[in-house]
Amino acid sequence: MLDEIDKKLLQHYQRGFPILARPYEEIGGQLGLPENEVIERFRRLSNEGLISRIGPVLNHSLLGVSSLVALAIPLDMIDSVAEIINSYEEVNHNYLREHYYNLWFVVTARSAQRLDEVIREIEDQSGAAALILPMEKNFHIDLGFKLWQSAQTS
Amino acid sequence: MAISTDQLIKTIQDGLPLCPRPYAQIAEQLEATEQEVIDAIADLVEDEVIKRLGVVVKHKKLGYVANAMVVWNVDDSIVHEIGDKLAAEPAVTLCYQRPRRLPHWPYNLFTMIHGKERQVVFGELQEIRQRLKLDCDFDVLFSSKCFKQRGARYF
């Protein structure tokens, strides 16, 4: 079970993680905890699979070229096509969704040429024509994911 | 000595180490000083190469299992206005404009809404449509399986 401190660690430090020599000590100071307890709690939350990492969320549009891609794949072929898609280092998200276009994934590459190449290869191997849907404009500022009203406002 | 941005991102993209002095540990790998790493990361945040630095949660594991991509066919003349309004809705966690691919795909605005149950997501969606007086075509694509989810890798 998560206690109030766990909830604060999960909610309040999604952005603005301290960039100074002892960040966990800084967080401990804010929450009234010793540094080693902050580290141990983050380690436990990570081991329980609630945290994927403490690190940067990068701006794709400044670092590389990326696109959302959708394919319509017969259900009995989904797992094998998903495996092909996942085998690319350039693919970071891949979801099955309930729609005619049912496989949705994000390809991020260092160059437009490599992006095209990956999508082309996936089309060839899956036998499906891809919907290629690059971002044209972002309207949303990434503030992290709001988990609890109480931890958010406290 | 200046730290190479490529090397720094490669070293931190999978996460900071969970130890008392994470930036010193990164500095060791990069043969730089702790202060140089701290300054370089602060610069990347300042320049918005890093959109945010901190905890990346697995929302599904935390009970947010209803993950809906809601797509809208918004008239081009008002897409920026509607995009800003949708992005400001508390329930909306992403809001992007993307190209239509006619005739197969008529939608040009993409939003994500996460909830603990589908009913809650539909409720939020209904309220948003009423509040913003959105009568355009839309569709809701719930995810039923996650095959892969991690941060993008560049190197």
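Listed values, structure above:
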quantity: Count - residues of region A:38-53 that are open to solvent by 60 Å² or more (accessible area, probe 1.4 Å) and either more than 10 Å from chain B (Cβ to nearest Cβ) or touching a Gly at 6+ places or on another chain (Cβ under 7 Å) (or both); calculated: 2
quantity: Total residues in region A:79-111, condition open to solvent by 50 Å² or more (accessible area, probe 1.4 Å), modelled with pLDDT under 95 and not charged (D, E, K, R); calculated: 1
quantity: When residues of region A:64-78 are limited to those that are open to solvent by 10 Å² or more (accessible area, probe 1.4 Å) and within 18 Å of the chain's Cα centre (by Cα), the one farthest from B:SER144 (Cα to Cα); calculated: A:GLY64
quantity: From B:VAL56, B:VAL74, B:VAL49, B:VAL37, residue being in contact (Cβ under 8 Å) with a residue 40 or more places away in the chain and more than 7 Å from every other protein chain (Cβ to nearest Cβ); calculated: B:VAL74
quantity: Residues of region B:1-49 that turn out to be farther than 26 Å from A:ALA109 by Cβ and among the polar types (S, T, N, Q), as a count; calculated: 3
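The values are calculated or read from the model by the stated rules, or taken from the named source; none is laboratory data. Everything numeric here is computed off the predicted structure, so don't read it as measured data. Heads up, the Cβs are rebuilt from the backbone with ideal geometry, glycines too, and the neighbour counts pull from every protein chain shown. Ligands, DNA and RNA are excluded from the accessible area calculation, which covers all protein heavy atoms including side chains. Shrake-Rupley method; radii C 1.70, N 1.55, O 1.52, S 1.80 Å.
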